Amino acid sequence: MKWFKKVHHYLPPDFILERADDLCIRCKACVTQCSFDANFYDQKRNFIYTLQQNCVGCNRCVAYCPTEAIVVKNRPNPFREHSHWGAYYISGIKRRAYYGGTPVKSMGNDRPFPIYWDKLLLNASQVTNPSIDPLREPMELRTYIGRRPKYLKKGEALPPSIMLQTPIMIGAMSYGALSFNSVESIGRAVTMAGTFFNSGEGGLSRDHYKFSKHVIVQVASGRFGVHKEYLDIGSAIEIKIGQGAKPGIGGHLPGEKVSESISQARMIPKGTDALSPAPHHDIYSIEDLRQLIYALKEATRYSKPVIVKIAAVHNVAAIASGIARSGADAISIDGFKGGTGAAPEIIRNHVGIPIELALAAVDTRLRQEGIRNEVSIIASGGIRGSADAIKAIALGADAVYIGTAALITLGCTLCQQCHTGRCAWGITTQDPFLSKRVNPDIMSEHLYNLFNVWSLELKEIMGAMGVNSIESLRGNRLHLRGVGLSDRDLEILGVLPAGE
Amino acid sequence: MKTIDANKLYYKILNDQIHDAVDSGYRNIAINNVYGQYYIGDGLMQPVKIDINGIPGNDLGIFMDGPSIYVHGDAQDGIGNTMSGGKIVIDGNAGDVLGYSMRGGRIYVRGNVGYRTCIHMKSYKDDFPIVIIGGRTGEFAGEYMAGGVLVILDLFSEINTYDCNFIGAGMHGGIIIVRGKVNSDSLGREVKVTSLLQEDLLQIKEYLFEYCQELNINYNNVMKSRFTKIISATNRPYKNLYIDGFLH
Ligand code: SF4
Ligand code: SF4
């Protein structure tokens, strides 16, 4: 690793790790735990040193230090204060100039764009419509994802759908981006919770075929690991057109992460970059999309729903309307806050629109066109808690996908280094030493707890609203009120301002 | 032997009939009067032989793993899309994105094919796709190719130097073999031309032989000419374009 100082292009470290020498017992836990080589032990001096430049702020060492000797702090802006030229811009220019490349980052857009969830408030019943006690009265969270035809002919079967015990699923994160143990933990948790996880675009390890009843298999432009058996294993199939963290660009699993077993699942040689082209080269139009949807349905003899996932972009409502008419059974919309394993920072931070607005626009459009019932809508992209989830449902979603929230359960501290393959928490790495840090026995329990608690919270909120079925909340925007939003925002969201 | 008349049949009904025939044990199926029906052979895993008389529609043999399909005529777009195994022989021309993301099996075409042939074709261990085109390809042949072999024979044109543009753009694995010389301006940025080794020839000889047999082409004539081999310059084409965030 290069760690000599480059004076002309000097970039100050993002973090400062402070170690209280009087507390440190030289146990070297921080040295072995750090996967970014920030801490090292000097035997001669019996001293633990830190290479500040290497610290990514993942706090693994802080969690491990038995004596709480370590504090990791954000380094204050080292440059002269300037309201226009913040450190983000100065460092960004230097970094590009020095390395001659564009920075890649992980996780979602970290820029301070408005968060509409925080400007939406929920309703509760008072006097005229009694609230319900969810602990003692039945509450229905069960949700079906699939097409609901306008009418059925006598004797005709319903189109295939999947049944969720709670309207929360785990969104696409590929085996490759995630470690084996992370996928294992997720698979076990969704099985216990009676919901689904999405395989992402990297295929499935054969050892995870056991999750067949709880996995949605993804087909992306690179078609990695896509074959007949894989399509048969999935309970549903998702065509990935785009993802919120990097709309319009393809996937890119760096060669460093293509280990032996990843190469097996993706069916590509070890150590090569797994490049997913930006578009599916057999889809240049809605008609072509229809062709792939029906190719998948034909391949699986019309036995499972096909979902189409798109990123929330400017004309998302028109696109969604096209998708609904193309034969898709569900549309999944991923907002610009959605996380990712790796994306060019410039795309991650500047492309796409918030899921709240996109979701409302799509729901409104499909209603206007009288086809809302023909598809399910799955919303994703920065769902942080059950409140965000229920607001999404009130805005028109059938269910939500969570990604980052699930990783946080596994230990993630949002250090944005997933693409390096060196996740100190063992979540997004293929290093066998690191990936042991996720213990599926424990982590699946934690994740299951999260599903349970969020479901309970959903019921509590519904109870307060006087609603006993998630079905009757879907798209019911009268249960929402906006605060601090412009008239135009409110119009797009289709909600009234608080007080009205 | 089962014969299906596809005249005026909607693709879903035609494919239901094919599946029924396969499920009831037929291993030889002939389909007559095919006029552009989609998805023939979609996801079939059985080692059946299907003869298509007419012009099959898009996505012929998509997700297929096992059957041998003989098309007695031209074919349309997306032939062998994401195909894992089996064989498709086309005694005519074919359309765009032939062999998209194909991972195994063989596609033999007598005539010309459209754009983006073998885009994102890949190989893995024993899964090794082979595509042989008798005529010429459209632009972007072998785009993003990651594995397998694409052979372009250019048997019927008068031009000595192969000049379909953007050959192997974004290619990061596999081999493209062109009979005759290749115009260096036609190459994609990520590929280079190298000399064809004896072992490359050995690798494809048996398939070229099979190709010539299936399509009644004189094998010795084909083998007389020089071949050009095109490979990617690196298996990490974009390594230097991106910087890891944690480097300072
Ligand atoms: S983990 Fe804490 S106590 Fe152990 S060596 Fe590091 S700073 Fe010292
Ligand atoms: S998954 Fe790991 S590398 Fe990625 S942000 Fe979380 S802690 Fe960091």
- Item | Proximal lysines relative to B:K224, as straight alpha-carbon distance under 21 Å, when same-chain residues fewer than 8 apart are discounted | B:K181, B:K205
- Query: If you take every DSSP beta bridge whose two residues both sit in region A:175-296, what share of them, in percent to the nearest 5, is antiparallel?
  - Reply: 20 percent
- Note on the structure: Of the residues A:A318, A:A220, A:I408, the Cα lying farthest along the dipole of the protein assembly as shown towards its positive end, which is defined by charges on the beta carbon of Lys, Arg, Asp and Glu, belongs to A:I408
- Task: Please go through region B:160-206 and write out the trypsin sites (Lys or Arg not before Pro) that DSSP classes as loop and that have at most 13 other C-beta atoms within 10 Å.
- Result: B:R189
- Query: Between B:S225 and B:D185, what length in nm is gained on full extension when 0.36 nm per residue of separation is reduced by their alpha carbon distance?
  - Reply: 12.2 nm
- Message: I need the calculated FRET efficiency for the pair A:R136 and B:H72, taking r as the beta carbon distance and R₀ as 60 Å, to the nearest 0.05.
- Response: 0.25
- Given +1 on the Cβ of Lys and Arg, -1 on the Cβ of Asp and Glu, and no further charges, what dipole in debye does region A:362-486 carry about its Cα centre, rounded to the nearest 20? 300 debye
- How do B:T194, B:T82 stack up against each other in accessible area, from largest to smallest, with a 1.4 angstrom probe? B:T194, B:T82
- Message: Rounded to whole Å, give me the distance from the Cα center of region B:90-106 to that of region A:133-162.
- Response: 41 Å
- Query: A:V71 accessible area, nearest 10 Å², 1.4 Å probe?
  - Reply: 70 Å²
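Within region A:8-84, report the GluC sites (Glu not before Pro) that DSSP leaves as loop and that have at most 12 other Cβ atoms within 10 Å. Mind showing how you got there, number by number?
Values: sites: A:E18, A:E68, A:E81; in loops: A:E68, A:E81.
Answer by residue number: A:E68, A:E81.
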- Query: Rounded to the nearest 500, what is chain A's calculated 222 nm mean residue ellipticity when only DSSP H runs of at least 4 contribute -39500 (n - 2.57) each, over all residues?
  - Reply: -9000 deg cm²/dmol
- Arrange the residues A:E201, A:E491 by how much accessible surface each exposes, largest first, with a 1.4 angstrom probe. A:E491, A:E201
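Chain pair B, A: how much accessible area is buried, both chains summed, with a 1.4 Å probe, in Å² to 100? Walk me through the numbers on the way to the answer.
Working: alone 12060 and 22710 Å², together 30290 Å².
Chains B and A together bury approximately 4500 Å².
Given a Förster distance of 60 angstrom, what is the FRET efficiency for A:N452 paired with A:N315, based on the Cβ-Cβ distance and rounded to 0.05? Could you put the intermediate results ahead of the total?
On the way: r = 38 Å, r/R0 = 0.64.
The calculated FRET efficiency here is 0.95.
Show me the trypsin sites (Lys or Arg not before Pro) within region A:1-94 that DSSP assigns to loop and that have at most 15 other Cβ atoms within 10 Å of their Cβ. Could the numbers behind the result be given before it?
Numbers: sites: A:K2, A:K5, A:K6, A:R19, A:R26, A:K28, A:K44, A:R45, A:R60, A:K73, A:R80, A:K94; in loops: A:K2, A:K5, A:K6, A:R26, A:K28, A:K44, A:R45, A:R80.
Counting only loop positions with at most 15 other Cβ atoms within 10 Å, the trypsin sites (Lys or Arg not before Pro) in region A:1-94 are A:K2, A:K5, A:K6, A:R26, A:K28, A:K44, A:R45, A:R80.
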- Pairing the Cα long axis of helix A:87-99 with the longest principal axis of chain A, what angle in degrees results, from 0 to 90 and rounded to the nearest 10? 70 degrees
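Do you know the Lys pair count in region A:2-99 for C-alpha distances under 17 Å, with sequence separation 8 or more or different chains? Please report the intermediate quantities before stating the final value.
Numbers: A:K2/A:K94; A:K5/A:K94; A:K6/A:K94; A:K28/A:K44.
Total qualifying Lys-Lys pairs in region A:2-99 comes to 4.
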- For the protein assembly as shown, max minus min Cα coordinate along each principal axis, in Å, sorted largest first? 83, 76, 47
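Give me the accessible area per residue for region A:2-99, probe 1.4 Å, as a whole number in Å². Intermediate values should be presented prior to the final figure.
Numbers: 6200 Å² over 98 residues.
Accessible area per residue, region A:2-99: 63 Å².
Once the Cβ-Cβ distance between B:D126 and A:A157 is put in as r, and R0 is 41 Å, what FRET efficiency do you end up with, to the nearest 0.05? Don't skip to the end; give the middle numbers.
On the way: r = 40 Å, r/R0 = 0.97.
Efficiency, from the Cβ-Cβ distance: 0.55.
Given +1 on the Cβ of Lys and Arg, -1 on the Cβ of Asp and Glu, and no further charges, what dipole in debye does the protein assembly as shown carry about its Cα centre, rounded to the nearest 20?
On the way: 80 positive and 73 negative charges, 272 e Å.
Using Cβ point charges on Lys, Arg, Asp and Glu, the protein assembly as shown gives about 1300 debye.
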- How about region B:68-88: which of its residues lose at least 10 Å² of accessible area in the presence of all protein chains relative to their chain isolated, using a 1.4 Å probe? B:N81, B:T82, B:S84
- Item | Label zone at B:N165 (point 7 Å along Cα-to-Cβ), backbone N below 20 Å, region B:140-159 | B:140-145, B:159
- Whenever you get a sec, compute what percent of the accessible area on region A:17-73 sits on carbon and sulfur atoms (1.4 Å probe). 51 percent
- Task: Sticking with the crude label model, points 7 Å out along Cα→Cβ, report the distance from A:K94 to A:R325 in nm, one decimal please.
- Result: 5.4 nm
- Query: Other chains' Cβ within 10 Å of B:113-122 residues: what's the mean?
  - Reply: 3
- Message: Compute the angle between helix B:11-23 and the longest alpha-carbon principal axis of chain B, please, reported from 0 to 90 degrees and rounded to the nearest 10.
- Response: 80 degrees
- Query: Within the set A:K213/A:K304; A:K213/A:K337; A:K105/A:K257, which residue pairs have Cα atoms separated by over 21 Å?
  - Reply: A:K213/A:K337
- Could you tell me the distance between the Cα centroids of region A:8-68 and region B:119-182, to the nearest Å? 52 Å
- Query: Suppose every K and R has +1 on its Cβ and every D and E has -1 on its Cβ; what is the size of the dipole of region B:93-246 about the Cα centre, in Debye to the nearest 20?
  - Reply: 180 debye
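The values are calculated or read from the model by the stated rules, or taken from the named source; none is laboratory data. Treat the numbers as computed from the prediction; the structure is a model and nothing was measured. Backbone-built Cβ (ideal geometry, glycine too); neighbour counts: all protein chains shown. Just so you know, the surface numbers come from the protein's heavy atoms only, side chains and all, with ligands and any DNA or RNA stripped out. Shrake-Rupley method; radii C 1.70, N 1.55, O 1.52, S 1.80 Å.
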